[in-house]
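Presented below is the structure to which this report refers.
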Amino acid sequence: MKRSEADTLIAAVRKELTGIDDTEVSSDSGWWETSTGAEFGAERLAAVVALIEGMVDATR
């Protein structure tokens, strides 16, 4: 995967998952009632981004 393709995919994932790393109190788009949920969401989002980043590295 080219870097530009990965950047486009990461932007789409971040848009689709907007609020996964926020609480309902900290953001109007927050998914979680607690900060623990927001931490979990941030970890899952980071894992998906890392997977996409790995696809770029694998094709060099």
| What pairs can you find where one residue is in the range 38-56 and farther than 30 Å from VAL25 by Cβ, the other is part of a helix (DSSP H, G or I) and among the small types (Gly, Ala, Ser), and their Cβ atoms are less than 8 Å apart, with a gap of 6+ or different chains? | GLU53/ALA6; MET55/ALA6; VAL56/ALA6
| Name the residues in the range 27-60 that are out of contact with any strand residue (DSSP E or B) (no Cβ under 9 Å at 6 or more places or on another chain) and polar (S, T, N, Q), would you? | SER27, SER29, THR36, THR59
| task | Name every residue in the range 46-60 that is open to solvent by less than 70 Å² (accessible area, probe 1.4 Å) and closer than 15 Å to ARG14 by Cα, in order of residue number. | result | ALA46, ALA47, VAL48, VAL49, ALA50, ILE52, GLU53
| remark: Scanning the range 1-45 for residues that are part of a loop (DSSP other than H, G, I, E, B) and of a type in the set (Val, Ile, Thr), the one most open to solvent (accessible area, probe 1.4 Å) turns out to be VAL25
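The values are calculated or read from the model by the stated rules, or taken from the named source; none is laboratory data. Computed from a predicted model, the values in this text were never measured in an experiment. Neighbour counts are summed over all protein chains in view; Cβ atoms, including those assigned to glycine, are modelled from backbone coordinates with ideal geometry. These area figures cover heavy atoms from the full protein model, side chains too; ligands, DNA and RNA do not enter into them. Shrake-Rupley method; radii C 1.70, N 1.55, O 1.52, S 1.80 Å.
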